[in-house]
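Enquirer: Just dropping this structure here.
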Amino acid sequence: MWLTLLLFLIGFFLLIKGADILVEGSSSIAKKLKISDLVIGLTIVAFGTSAPELIISVIAAIKGSTGISLGNVIGSNISNTLLILGVAAIVTPLTLKKNTVNKEIPFSLLAVVAVAIMINDYAMDGYTSNALTRSDGLVLMLFFAIFMYYTFGISKQKTNVLENISQKDDIKVYSAWQTLLMVVLGLAGLYFGGQWIVNGAKEIAFMFGLSEALVGLTIVAIGTSLPELAASVVAARKGRADMAIGNVVGSNIFNFIWVLGLSSAISPINFDTALNFDILTLVGITVILLMLIYVGKKNILDKYEGIALLSLYVMYISYLIYRG
């Protein structure tokens, strides 16, 4: 038991570090091929920041731990919106670009609603069970293809907030053997880190009599959101609000249409209707976010609105613990 818990903690380090090393190595390859920094940021780096959620969701779905798989994605998006944006807005007021308000945030809301419809088979179609099937996953991946096409299109006009998603100021170019080693180590870190986190989460749920969904919505979700939290706070302190917000909004979109899409395409994800509350919570806080942006100082999230978001997150986590 203690070994499993130790590996659970080490798993987070391996998962996050593995994603970072993989991004470094892949970016080096792309740079050698003379691919622009913007394209690297929109593809390799963006995919890399969603790698922890993707690996955990795929491994959990294959092992039948759907509570962890779905809880991780839903919980990560809730923590991104309430915890990360809340903390970043407290550090410094965040000014949102027009595209973020009018297009990216509504797109993330649409993705959540689409998944909610797809996953509630009993309520929508009268089926005996609920699941995100392979066909649902393929549809989500088509959504993702459309989103990437849109992102690349408007990035040419240099107006897209997502052009800065976790993009590094300097992309280092390594030697061939260093690059290969980084890619191998990164993939190994993702694999073993993901395995140990899923196994540890199941052990924690069993030990304390908790549901796997609760562990996925809280401990696992917060753990996989730590890179986005660090990146957004640093960006906010440097006055790069567009990067802080783009990091969060981009991650939310990637999680729902890429992570859930690919995960369910690999292995169908069964759905517990108890998670409908959390999906509705995510819909509600996205609407609240849009309202906060339009109320008061337009397109600005100030310190008090950041405190409000953070307070909502504390209330949500408290309810989850009470729900068990």
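The values are calculated or read from the model by the stated rules, or taken from the named source; none is laboratory data. This structure is a prediction, so every number in the text was calculated from the model and none was measured. Backbone-built Cβ (ideal geometry, glycine too); neighbour counts: all protein chains shown.
Enquirer: Does region 267-276 contain at least one residue that is free of Cβ contacts under 8 Å to residues at least 12 places away in the same chain and more than 29 Å from I146 (Cβ to Cβ)?
Expert: So in region 267-276, the residues free of Cβ contacts under 8 Å to residues at least 12 places away in the same chain come out as none.
No, region 267-276 contains no residue that is free of Cβ contacts under 8 Å to residues at least 12 places away in the same chain and more than 29 Å from I146 (Cβ to Cβ).
Enquirer: To continue, here is another question. Would you point out the residue of region 279-298, among those that are farther than 18 Å from L110 by Cβ and either charged (D, E, K, R) or surrounded by 14 or more Cβ atoms within 10 Å (Cβ to Cβ) (or both), that is nearest to the chain's Cα centre (by Cα)?
Expert: Per the criteria, the residue is L292.
Enquirer: Take the residues in region 59-113 that are among the aliphatic types (A, V, I, L, M) and not in a helix (DSSP H, G or I); name whichever of them is farthest from V233 (Cα to Cα).
Expert: The extreme case among them is L96.
Enquirer: Continuing with the same structure: Among the residues of region 288-307, what is the count of those that are among the aliphatic types (A, V, I, L, M), out of contact with any helix residue (DSSP H, G or I) (no Cβ under 7 Å at 6 or more places or on another chain) and not in a strand (DSSP E or B)?
Expert: The first filter runs over region 288-307 and keeps only residues among the aliphatic types (A, V, I, L, M), leaving 288-293, 295, 300-301, 307.
From the residues that got through so far, the ones that are out of contact with any helix residue (DSSP H, G or I) (no Cβ under 7 Å at 6 or more places or on another chain) too are 288, 291, 295, 300.
Okay, now just the ones that are also not in a strand (DSSP E or B), so 288, 291, 295.
Looking only at that region, the number is 3.
Enquirer: Residues of region 167-189 being modelled with pLDDT of 85 or more and closer than 30 Å to A241 by Cβ, which ones?
Expert: G186
Enquirer: Would you check which residues across region 104-130 are of a type outside the set (F, W, Y), surrounded by fewer than 18 Cβ atoms within 10 Å (Cβ to Cβ) and modelled with pLDDT under 90 and list them?
Expert: Of everything in region 104-130, those that are of a type outside the set (F, W, Y), surrounded by fewer than 18 Cβ atoms within 10 Å (Cβ to Cβ) and modelled with pLDDT under 90 turn out to be P106, A123, M124, D125, G126, T128, S129.
Enquirer: Does I321 meet the test of being surrounded by fewer than 18 Cβ atoms within 10 Å (Cβ to Cβ), β-branched (V, I, T), more than 18 Å from the chain's Cα centre (by Cα) and in a helix (DSSP H, G or I)? Give the steps one after another, and end with the answer.
Expert: Working: surrounded by fewer than 18 Cβ atoms within 10 Å (Cβ to Cβ): yes; β-branched (V, I, T): yes; more than 18 Å from the chain's Cα centre (by Cα): yes; in a helix (DSSP H, G or I): yes.
Answer is yes for this residue.
Enquirer: Can you find even one residue in region 257-264 that is aliphatic (A, V, I, L, M), farther than 28 Å from V139 by Cα, at pLDDT 85 or above and part of a helix (DSSP H, G or I)?
Expert: The answer is no; no qualifying residue exists.
Enquirer: Tell me, yes or no, whether region 202-212 has at least one residue that is surrounded by 23 or more Cβ atoms within 10 Å (Cβ to Cβ) and hydrophobic (A, V, I, L, M, F, W, C).
Expert: No, there is no match, as no residue in region 202-212 is surrounded by 23 or more Cβ atoms within 10 Å (Cβ to Cβ) and hydrophobic (A, V, I, L, M, F, W, C).
Enquirer: Among the numbered criteria (1) at pLDDT 85 or above; (2) touching a helix residue (DSSP H, G or I) at 6+ places or on another chain (Cβ under 6 Å); (3) not polar (S, T, N, Q), which one does I44 miss?
Expert: (1)
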